[in-house]
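Asks: Got a structure here, written out as structure tokens. Questions coming.
The values are calculated or read from the model by the stated rules, or taken from the named source; none is laboratory data. Values in this document were obtained by computation on a predicted structure and should not be read as measured data. Neighbour counts run over all protein chains shown; Cβ positions are idealised from the backbone, glycine included.
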Amino acid sequence: MWLKLFLITVVFILMASITFAYQDGTVLPNRWVYIQANLLVDKNIETVLTLLERAEKAGYNGIVIADSKFTRWDNLPPRYVENARKVREACRNLKLSFIPCVFSIGYSNDLLSRDVNLAEGLPVINAPFIVHNGKIIPEDDVQITNPGFEQYSDNTPTSWGFLDQPGKISFIDTETKYDGKASLRMQDIGIHDPQNGHGRVYQQLKVRPFTYYHVSVAVKTQDFEPVSETRIAVLVPNGPSLNHLNLPIKETQDWQRVDITFNSLNYSEVNFYLGVWGGKNGKIWWDDVRIEPAGLVNVIRREGTPFIITSEDGKIVYAEGKDFDGAVDPQLGNIAWAGDYNVWHEAPIMTVPAGSQLKEGQKVSVSYYHPALIYDSVVMCCMSEPKLYEILKWQAKQVCDNLQPDGYFMSHDEIRCQGWDKSCTDRKMTPGQILADNVKKCADILHEIDPGKPIYVWSDMFDPYHNAGKTGWYYLVNGEGPWFGSWEGLDSGVTIVNWNSDKDKRVDSMKHFADRGHKQILAGYYDSNPANIAEWLKDSKSVDGITGVMYTTWRSYYDDIDEFAHYAFPKQ
């Protein structure tokens, strides 16, 4: 009996002495897995619990967990809290740190579900409208020349300034068309341009500065790939791209209209592209290209995004409710659920009530704000709005009370629009300064709600070697090098989860944060070769304060967690 107890004790001591280290034996305190899950779905809970057990056996000792419903506690059935607590309790039993994501500054749709008008707004300034039949409608003469590709010569449409390889990948098709006499067909792009896969046509357009436009085009495909790199692009020479929206195109589909919107910002000329970057096989047809003023689709209404109608000369300001009505979009951020924005729907129409100063045929100037929709309709919140911080504090309190986490992960990441609306411009600050102020306020909220708990944040928006460089454009953020200096708002006690794995920049990135006194966790994998983390860790040996690694997957692919662990922290 005593011998048996002795042997059990020895085994326990040996097991307890196992550490997880890399290269020279340095122990990594934090060995995490990143998990995105909808915890309302019971089936997902079983999947997550199984994953936690796998991770613990592989040597991981913590999870970072993201769920958009962490902002919707009061709008969910009781089983949501029960499910979330099951995951929390499983982490306790497995001795895994439990770090929930909060404060989705960047991918902000879940925060905006609590107030859709807190979206960052792009300005429309003095857009021309006209009173017609008791309604106030947009008026603009911008147009596409030869929109149906019906005027052409040798497979090249006239009035279009550029076309990739006419007669090889680009063809005028008079047999298959959406409307009129012809369409533009592109096919087998990767065969004829294997290096780039470019299949593009473009036209230079004159536009009004700070005007909101809607573009629509009919598209047909047959065995076409890749659809992910098919775009309607609005580019400024030596400037930013004005549209970043993904198109809902399938590999094979009959004619279907697709829509984008863009704001011309301070530009009077743009290069308008229909095209494919990275094309491979199959066929795509384009036809019936249209452009028009977007009107009040997704108009944002709050104090920081004023809505103003004036006379053409700007001398008379008309009163809402007295001179005009209907300047509200009930579908703003409320398509399928709160926080769900779409790029195009029926535009709200303003009306002229009895007694209005506005007269039939009168031209007016309208100024307002609308959100930018990026990729799959991601919308950014405005960091200058006081109400945002009420929501953030509420969220932190809910997460704290319901889950008692071991720390908090601030989800500041890829903030692609900021610094344009009146809430921001009145502050006379750069976007980088606005972000610095925001991240400090966010950390202060967490210190107040749950004192002493560690705080973590993604690196990219505070990294001068990533998205916070001193030069260059960043999506639709106001100005060049807009996020430079954002790191000044980070307290040295905030741990940086660094995902700048670029081999030419990662050492500079790590040293930037280390010199400021931050500890860092390296967010590796990113659905690529698990062995890549080994070289990154090797480079990190010249940097102080690297405390761990995180298996980071955006596709929720976990088959490689054991192999990643082998390279990141082999058992010693």
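Asks: Please work out if VAL399 is within 18 Å of PRO386 (Cβ to Cβ) and not basic (Lys, Arg).
Replies: No, not satisfied.
Asks: Follow-up question, since we're still on this one. In the stretch 219-245, how many are buried (at least 20 other Cβ atoms within 10 Å of the Cβ), in contact (Cβ under 8 Å) with a residue 60 or more places away in the chain and assigned to a strand (DSSP E or B)?
Replies: Here the count works out to 4.
Asks: Here is a follow-up. Can you name every residue in the stretch 301-347 that is touching a helix residue (DSSP H, G or I) at 6+ places or on another chain (Cβ under 7 Å) and β-branched (Val, Ile, Thr)?
Replies: Correct list: THR305 only.
Asks: With the condition kept exactly as written, say whether any residue in the stretch 394-406 is under 30 Å from LEU122 (Cβ atoms), under 23 Å from the mean Cα position of the chain (by Cα) and buried (at least 18 other Cβ atoms within 10 Å of the Cβ).
Replies: yes
Asks: When you scan the stretch 442-482, how many residues do you find that are surrounded by fewer than 17 Cβ atoms within 10 Å (Cβ to Cβ), over 24 Å from LEU235 (Cβ atoms) and among the charged types (D, E, K, R)?
Replies: 3
Asks: Follow-up question, since we're still on this one. Would you say ALA336 is assigned to a loop (DSSP other than H, G, I, E, B) and loosely packed, with under 12 Cβ neighbours inside 10 Å?
Replies: yes
Asks: So ALA354 passes all but one of these: (1) outside any loop (DSSP other than H, G, I, E, B); (2) hydrophobic (A, V, I, L, M, F, W, C); (3) more than 29 Å from MET550 (Cα to Cα). Which condition number does it fail?
Replies: Against the list (1) outside any loop (DSSP other than H, G, I, E, B); (2) hydrophobic (A, V, I, L, M, F, W, C); (3) more than 29 Å from MET550 (Cα to Cα), ALA354 comes up short only on (1).
Asks: From the set of residues in the stretch 401-424 that are of a type in the set (Ser, Thr, Tyr) and in contact with a Ser or Thr (Cβ under 6 Å, 6 or more places away or on another chain), which is farthest from GLU82 (Cα to Cα)?
Replies: Within the stretch 401-424, the match that is farthest from GLU82 (Cα to Cα) is SER423.
Asks: Same structure again: Examine the stretch 182-191 for a residue that is in a strand (DSSP E or B), under 26 Å from the mean Cα position of the chain (by Cα), touching a residue at least 60 places away in the same chain (Cβ under 8 Å) and at negative phi, and state whether such a residue exists.
Replies: no
Asks: Hey, another quick one. So is GLY493 within 26 Å of VAL64 (Cβ to Cβ) and either of a type in the set (Gly, Ala, Ser) or part of a strand (DSSP E or B) (or both) or not?
Replies: yes
Asks: Residue by residue through the stretch 246-271, note down the ones that are assigned to a strand (DSSP E or B) and within 23 Å of the chain's Cα centre (by Cα).
Replies: VAL258, ASP259, ILE260, THR261, PHE262, ASN263
Asks: Pairs needed: first member in the stretch 499-525, surrounded by fewer than 22 Cβ atoms within 10 Å (Cβ to Cβ); second member anywhere, in a helix (DSSP H, G or I) and hydrophobic (A, V, I, L, M, F, W, C); C-beta distance under 6 Å; at least 6 residues apart or different chains.
Replies: Listed pairs, sorted by first residue: SER501/TRP536.
Asks: Which one of these is in contact with a Gly (Cβ under 6 Å, 6 or more places away or on another chain) and at pLDDT 95 or above: PHE224, PHE149, PHE210?
Replies: Exactly one residue qualifies, and that residue is PHE224.
Asks: Among residues belonging to the stretch 560-572 that are surrounded by fewer than 20 Cβ atoms within 10 Å (Cβ to Cβ) and not polar (S, T, N, Q), point out the one that is farthest from the chain's Cα centre (by Cα).
Replies: That would be LYS571.
Asks: Would the stretch 107-115 turn up any residue that is of a type in the set (Asp, Glu), modelled with pLDDT under 95 and part of a loop (DSSP other than H, G, I, E, B)?
Replies: No, the stretch 107-115 contains no residue that is of a type in the set (Asp, Glu), modelled with pLDDT under 95 and part of a loop (DSSP other than H, G, I, E, B).
Asks: Within the stretch 378-393, how many residues are surrounded by fewer than 17 Cβ atoms within 10 Å (Cβ to Cβ) and of a type in the set (Ser, Thr, Tyr)?
Replies: Qualifying residue count for the region: 1.
Asks: What are the residues in the stretch 537-559 that are under 26 Å from the mean Cα position of the chain (by Cα) and either of a type in the set (A, V, I, L, M, F, W, C) or surrounded by 17 or more Cβ atoms within 10 Å (Cβ to Cβ) (or both), if any?
Replies: Result: VAL549, MET550, TYR551, THR552, THR553, TRP554, TYR558.
For every residue, the table says whether it meets (1) of a type in the set (S, T, N, Q); (2) over 14 Å from PRO138 (Cα atoms); (3) outside the structural domain of ASN246 (by TED's automatic domain parsing); (4) touching a Leu at 6+ places or on another chain (Cβ under 8 Å).
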| site | (1), (2), (3), (4) |
| --- | --- |
| ALA319 | no, yes, yes, no |
| ASP325 | no, yes, yes, no |
| GLY333 | no, yes, yes, yes |
| GLY339 | no, yes, yes, yes |
| HIS345 | no, yes, yes, no |
| SER356 | yes, yes, yes, no |
| LYS363 | no, no, yes, no |
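Asks: Hey, among the residues in the stretch 272-295 that are buried (at least 22 other Cβ atoms within 10 Å of the Cβ) and assigned to a loop (DSSP other than H, G, I, E, B), which one's modelled with the lowest pLDDT?
Replies: This residue is GLY279.
Asks: When the stretch 310-325 is examined, which residues are found to be surrounded by fewer than 23 Cβ atoms within 10 Å (Cβ to Cβ) and either of a type in the set (Ser, Thr, Tyr) or touching a residue at least 40 places away in the same chain (Cβ under 8 Å) (or both)?
Replies: The answer is THR310, SER311, GLU312, GLY314, ILE316, TYR318.
Conditions tested, residue by residue: (1) assigned by TED's automatic domain parsing to the domain that holds TYR557; (2) modelled with pLDDT of 95 or more; (3) of a type in the set (Gly, Ala, Ser); (4) not in a helix (DSSP H, G or I).
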site	(1), (2), (3), (4)
ALA21	no, no, yes, yes
ILE35	yes, yes, no, yes
ILE45	yes, yes, no, no
ARG54	yes, yes, no, no
ILE63	yes, yes, no, yes
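Asks: Among the numbered criteria (1) in contact (Cβ under 8 Å) with a residue 60 or more places away in the chain; (2) under 19 Å from VAL457 (Cα atoms), which single criterion is violated by SER540?
Replies: Among (1) in contact (Cβ under 8 Å) with a residue 60 or more places away in the chain; (2) under 19 Å from VAL457 (Cα atoms), SER540 violates only (1).
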